[in-house]
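The next block holds one structure in the form of structure tokens; read it before the comments.
Values in this text are rule-based calculations from the coordinates and carry no lab data. Note that the structure is a prediction, hence the values are computed from the model and not measured. Because the Cβ atoms are built from the backbone with ideal geometry, glycine has one as well, and the counts that use them run over all protein chains shown.
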Amino acid sequence: MDQAPRQGEDDGDGAGDVLAVPSAQPPLEVRPPDVGPVKTVAGGVPAVLSAFKHVLGEAGPWRGGKLIWKINQQDGFDCPGCAWPDPSHRSVQEYCENGAKAVAEEGTRERVTPEFFRQWSVARLAEQSDLWLGKAGRLTHPMVLREGATHYEPLSWEEAFALVAEELNALGSPDEAAFYTSGRTSNEAAFLYQLFVRQFGTNNLPDCSNMCHESSGTGLTETLGIGKGSVTLEDFDHAQAIFVIGQNPGTNHPRMLTALQAAARRGCEIVSVNPLPETGLNRFKHPQEVLHLFGPGTALNKLFLQVRINGDVALLQGLGKALLEREAKAPGTVVDRAFVEGRTAGFDAYAANLATVSWDDVVEQSGVPREQLEAAADILARSERTIFCWAMGLTQHRNAVGNVQEVVNLTLLRGSIGKAGAGVCPVRGHSNVQGDRTMGIWEHAKPEFMDALAREFGFAPPRHTGLDTVGTLKALHDGQVKVFFALGGNFLSATPDTEFTARALRRARLTVHVSTKLNRAHLVHGKRALILPCLGRTEHDVQAAGRQFVTVEDSMGMVHASRGAVAPASEHLLSEPVIVARLAHAVMGARSQVPWLALVEDYDRVRELIQRCIPGFDDFNRRVRAPGGFALPNGPREGRFPTRDGKAHFTVHTMPRIALEPGQLLMMTLRSHDQYNTTVYGLDDRYRGIRQGRRVVFLHPEDVKARGLTAGQRVDLTSHFQGETRVAREFLVVPYNIPRRCAATYFPEANVLVPVDSFAEKSRTPTSKSVVITVAPTPEAGALVPATAARPG
Ligand code: SF4
């Protein structure tokens, strides 16, 4: 493994210090990953050891110990990992292995100082792996890359804000800037940010939600009237069946396994639907149940349906068809007639469509045998209270909104919403991605929200639709957006079509990233670039009124406080709310009547503004101080559907056909276990048996054989879209339990293959789980050439 640089270490002979165009992609791996057996049990002793190794190794016993006691505690900080909610009665250790890794990353003792940047040119940094960049440490000072320079250099905060103001105020139109938000951003920072952006004059507010659960939001809003899930964590205590679709909670939402384990132990039937049989849904050993650590663990899955990639509409329609066939045989026993007739619309069209769907098509397109579908339908039919959970496996396809709405159809058919133990549960990724949207981070916010901003702040917010993530990429590429500002995240590595994205960013006049750590997005930049280092969520945030807390909204609509537990990594860091306020003050000057600087002296003042503009936040400052916070209003949770006619809607979808030419495969990108979003914590994917490497492609053994390949061979992957090809080089072939003609690879390495023009209907989410590829042996195995995109620039 590459070792992170240390202060005082020379970067060689300076050969890399020339002005070069750094690669936008992680470097190829010098040694192939090791491939071992797939694990059968998640959690247990390995998870405990991994958590402690990361926290104590990176943050040290003192800082690490303090952090681990405060993660997800009532008086502590919200885990910066995923958005899984906290139970109302918390144990002293409310975190998972991956939460511990996230905290260790932020709590690291390593620092990226001005001296570090003096030693390391941008070009040389770009040659390092994502792991290396992340392990380099916490950013300590604001840094600027001046036009034509090879190295970042320090500047003062005043100079940084003045530079951004100069660029923004020189634009021909506010729409020539785009303001990205990552899901880590707190409610307070997000509210101020969108207010500033709209006072500046644009709705160009792309966010990470555009790339993950936008399809859920779109699909649910159209059918149920609200773009959020309807269940609470307590509902998992009452469900009779839980369907987990296109989701790998063992790696991406590990504490969900605790809820599933409790459900399985009391007899709830869990059905998982996924192309890969993920270890986390097979068996689980809770790391805190000491007496069970050496036992076999709890079996979670009652039934596993190994669906083909993007076979979900076929599968869900098959389940609906099977339920309707049972209803036809015994009327009144399967369809919840009272619910369907009283609270829904569109049932007849839905049923009529399913009558035309053939079982042959269902089985062929889903890849799941009929008897397994019937078994799943039996579970659905006998469960009076079912929760449907899902994640990116449903949302990153061209027909993703249809996927989500077919889940809703099943929910409505069984009347399985608006009562305890039942409902829909899109499981969000980043910790405050849902809250940021509630705060108005949206390129087409609702008119009522804009009216509230106008009323409260006395200005006319722009009403035209702004740019989402795909729109921002294309506008940057076309030169229409000239300033790109990112509040958190790693935009380059999170977005599709890496080489296209890189060209787009390089055309900007200014790129700005508010960050805690170094990442690849800092190395692929506009003519000028800024890195603005911010406080982490784990750190004390002291302003004029004293120590502050921020708030977040979890995946189930609970809003609660997050208080930092340790001293900041550097005295030069500013909090995100302060960065936004000082930026707005510098850019807007007398054009804004908002008292930006006074607001962030005491974040209660920001929350008072949120309370006046956003429904559901009444008495915000008092209620958020209660243990566990408070729940936002959620009509579907109570059986009310805020649609235009007050009904929940069945919808009709054409079953998508997976059309592959001979030799082609359908590829999905996924995370390894040592990864959270774009952050790489290590090189192992323990559950899938991969160690010390990431450039692997999982293929069915018969597909390996059919292509004349062998296990461990190096191959190049070529994606095919509308006559264009894109190539990613040197992946190790791993025969795996995956459906025929399917493939899986890790992102961000494989993002280069995802075409920017390939996105979901309506939601415009990039189709990162539906990429048509071919696989061929690497011509000169071992040649360390960077991956490239063949798309013309
Ligand atoms: S489940 Fe998610 S929020 Fe909870 S500790 Fe793990 S990563 Fe953090």
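Note on segment 653-711: semi-axes of the ellipsoid equivalent to its C-alpha gyration tensor, largest first and rounded to whole Å, are 27, 19, 8. Here segment 175-278 is assigned +1 on the Cβ of each Lys and Arg and -1 on the Cβ of each Asp and Glu. Its dipole about the Cα centre then comes out at about 280 debye. Given a cut-off of 28 Å, name the pairs among LYS228/LYS321; LYS527/LYS769; LYS446/LYS762 whose C-alpha atoms lie farther apart than that in the structure shown. Among LYS228/LYS321; LYS527/LYS769; LYS446/LYS762, the Cα-Cα distance tops 28 Å for LYS527/LYS769. Every helix of 4 or more DSSP H residues in the chain counts as -39500 (n - 2.57), and over all residues that averages to -9000 deg cm²/dmol at 222 nm. For segment 397-409, backbone phi angles converted through the Karplus equation (6.51, -1.76, 1.60; θ = phi - 60°) give residue-by-residue couplings of 10, 4, 9, 5, 5, x, 4, 4, 6, 5, 5, 4, 3 Hz, Gly and Pro being listed as x. Scaling against 2.2 N^0.38 Å puts the C-alpha radius of gyration of the chain at 0.90. What is the percent of Cα-Cα separations in segment 372-520 that go past 26 Å? Tail fraction, whole percent: 48. Charges on Cβ only, +1 for Lys and Arg, -1 for Asp and Glu, centred on the Cα centroid of the chain; of LEU125, PRO496, LEU168, which one is farthest towards the dipole's positive end? Selected residue: PRO496. Extension gain for GLN543 to GLN288 (0.36 nm times residue separation, less C-alpha to C-alpha distance): 88.1 nm. Return the FRET efficiency for the residue pair LYS705, ARG398: r is the Cβ-Cβ distance, R0 is 25 Å, and the value is rounded to the nearest 0.05. That gives a FRET efficiency of 0.25. Using a simple spin-label model with pseudo-atoms 7 Å out from Cα toward Cβ, LYS66 and GLU384 lie 5.2 nm apart. At an R0 of 60 angstrom, the distance between the Cβ atoms of ASN737 and ALA454 translates into a FRET efficiency of 0.60.
Cβ under 15 Å from LEU665's Cβ, LEU665 left aside: what net charge do those residues give with Lys, Arg +1 and Asp, Glu -1? Once all neighbours under 15 Å are counted, the net charge is +3. Using all pairs of distinct alpha-carbon atoms, the Kirkwood hydrodynamic radius of segment 276-316 works out to 12.2 angstrom. Measuring r between the beta carbons of ASP237 and ARG623 and using R0 = 25 Å, the FRET efficiency lands at 0.55.
When each of THR679, THR333, THR411 is scored by the number of other beta-carbon atoms lying within 10 Å, the sequence from fewest to most is THR333, THR679, THR411. Each residue of segment 244-403 gets 128 Å³ once the volume of the Cα convex hull is shared out per residue. Sorting the segments 184-193, 34-43, 732-741 by their residues' average number of neighbouring beta-carbon atoms within 10 angstrom, most packed first, yields 184-193, 732-741, 34-43.
All other residues whose Cβ lies under 12 angstrom from that of LEU699 are scored, Lys and Arg at +1 and Asp and Glu at -1, for a net of +2.
Within straight-line reach of LYS66, meaning a Cα separation under 24 Å, sit the following lysines at least 8 residues removed in sequence or on another chain: LYS53, LYS101, LYS135, LYS517. The charge dipole of segment 40-162, taken about the Cα centre with unit charges on the Cβ atoms of Lys, Arg (+1) and Asp, Glu (-1), comes to about 400 debye, rounded to the nearest 20. If you wrap the Cα atoms of segment 164-234 in a convex hull and average its projected area over all directions, you get 6.5 nm².
Among beta bridges from DSSP that stay inside the chain, the antiparallel ones total about 45%.
Dipole of the chain computed with +1 at Lys/Arg Cβ and -1 at Asp/Glu Cβ about the Cα centre; of VAL775, ALA328, LEU467, farthest Cα towards the positive end is ALA328.
For segment 22-65, the convex hull drawn through the C-alpha positions has a volume of 157 cubic angstrom per residue. Net length available on complete extension from SER173 to ASP602 is 151.2 nm, with 0.36 nm assigned per residue and the Cα-Cα distance removed. Listing HIS522, HIS238 from fewest to most neighbouring C-beta atoms within 10 Å gives HIS238, HIS522. What's log10 of I(q)/I(0) for segment 447-550 at q = 0.18, 0.20, 0.22 Å⁻¹, Debye sum over Cα points only, no solvent? Values, matching the q order: -0.94, -0.99, -1.03. Taking Cβ atoms as reference points and 13 Å as the exclusive limit, the residues near ASN169 contribute a net charge of 0, counting Lys and Arg as +1 and Asp and Glu as -1.
Placing unit charges on each Cβ (+1 for Lys and Arg, -1 for Asp and Glu) gives the chain a dipole about its Cα centre, and among SER50, ALA375, MET558 the Cα reaching farthest toward its positive end belongs to ALA375.
Listed from fewest to most Cβ neighbours within 10 Å, the set ARG591, ARG537, ARG623, ARG509 follows the order ARG591, ARG623, ARG509, ARG537. With both labels modelled 7 Å from their Cα along Cα-to-Cβ, the ASP34 to GLU158 distance reads 5.6 nm.
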